Amino acid sequence: MKKLVNPWMEAEGYHCFGCDPNHASGLKMEFYEDGDDIVSFWQPTTEFQSWVNILHGGIQAALLDELCGWVIFRKFQTGAVTSKMEIRYRKPVHTNQGGLTLRAQAIEERRNLVTVVGRIFDAEGQMCTEATCTYFLFPKERAAAEMGLTACKTEDEI
């Protein structure tokens with residue numbers, strides 16, 4: 001498993017709720033490449049709960065959208081916008097029962113649309129939440145000009 005380097009760490013105005021490690025109320029996600037998968041490990045806390053000890057469904061959706069977006073950055077080396085997201089909440093995600101593992105991979109590419117499936121697994125490895133996201137890909141030139149994304153690399157590629 002190889003850690004991905006966040007290409008926006010030094011970018012002016014960068015303040016992503018999902019992946020900025022300095023965002024005071026953000027998710028502070030980090031990402032790893034594991035074969036075809038992009039993986040993130042995340043520790044839920046009560047500040048993101050809905051009901052007592054249950055992770056808010058909107059936070060789960062944000063985690064999965066961010067994770068799936070990083071599949072685009074790494075596997076397609078460009079940016080995108082989410083055009084559709086379908087989410088299935090299969091079992092509660094607890095904020096007090098250990099860390100989560102999130103995994104996502106691209107399952108289909110049609111022209112400039114890519115479908116990515118992401119899943120949240122609890123500390124016992126049980127799948128709790130699943131999302132299918134469709135992204136509209138930017139041409140690489142647009143991603144470079146508008147997002148400052150020229151490459152999404154692993155630590156050993158730098």
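Structure notes:
- Pick from region 50-108, criterion among the charged types (D, E, K, R) and not in a strand (DSSP E or B), ranking: nearest to the chain's Cα centre (by Cα): Glu66
- Filter result for Ala143 (aliphatic (A, V, I, L, M), under 23 Å from Lys3 (Cβ atoms) and in a helix (DSSP H, G or I)): yes
- Taking residues in region 66-86 that are touching a residue at least 60 places away in the same chain (Cβ under 8 Å) and small (Gly, Ala, Ser), and partners anywhere that are assigned to a helix (DSSP H, G or I) and surrounded by fewer than 23 Cβ atoms within 10 Å (Cβ to Cβ), the pairs with Cβ atoms closer than 8 Å and at least 6 places apart or on different chains are Gly79/Arg142; Gly79/Ala143; Gly79/Glu146; Gly79/Met147.
- Unique residue being of a type in the set (A, V, I, L, M) and in contact with a helix residue (DSSP H, G or I) (Cβ under 6 Å, 6 or more places away or on another chain) when the list is Ile54, Ile59: Ile59
- So Leu63, is it more than 25 Å from Ala145 (Cβ to Cβ) and in contact (Cβ under 8 Å) with a residue 40 or more places away in the chain: yes
- Candidate set: region 1-49, residues that are outside any loop (DSSP other than H, G, I, E, B) and in contact with an Asp or Glu (Cβ under 7 Å, 6 or more places away or on another chain); chosen: the one surrounded by the most Cβ atoms within 10 Å (Cβ to Cβ): Ser40
- The numbered conditions (1) under 22 Å from Ala151 (Cα atoms); (2) modelled with pLDDT of 95 or more; (3) of a type in the set (A, V, I, L, M) are all true for Val52 except (1).
- Considered as a group, the residues in region 100-130 that are within 21 Å of Thr45 (Cβ to Cβ) and small (Gly, Ala, Ser) include one that is surrounded by the most Cβ atoms within 10 Å (Cβ to Cβ), and that residue is Gly118.
The values are calculated or read from the model by the stated rules, or taken from the named source; none is laboratory data. None of these values were measured; they are calculated from a predicted model. Cβ sites come from the backbone with ideal geometry, for glycine too, and all protein chains shown count toward neighbours.
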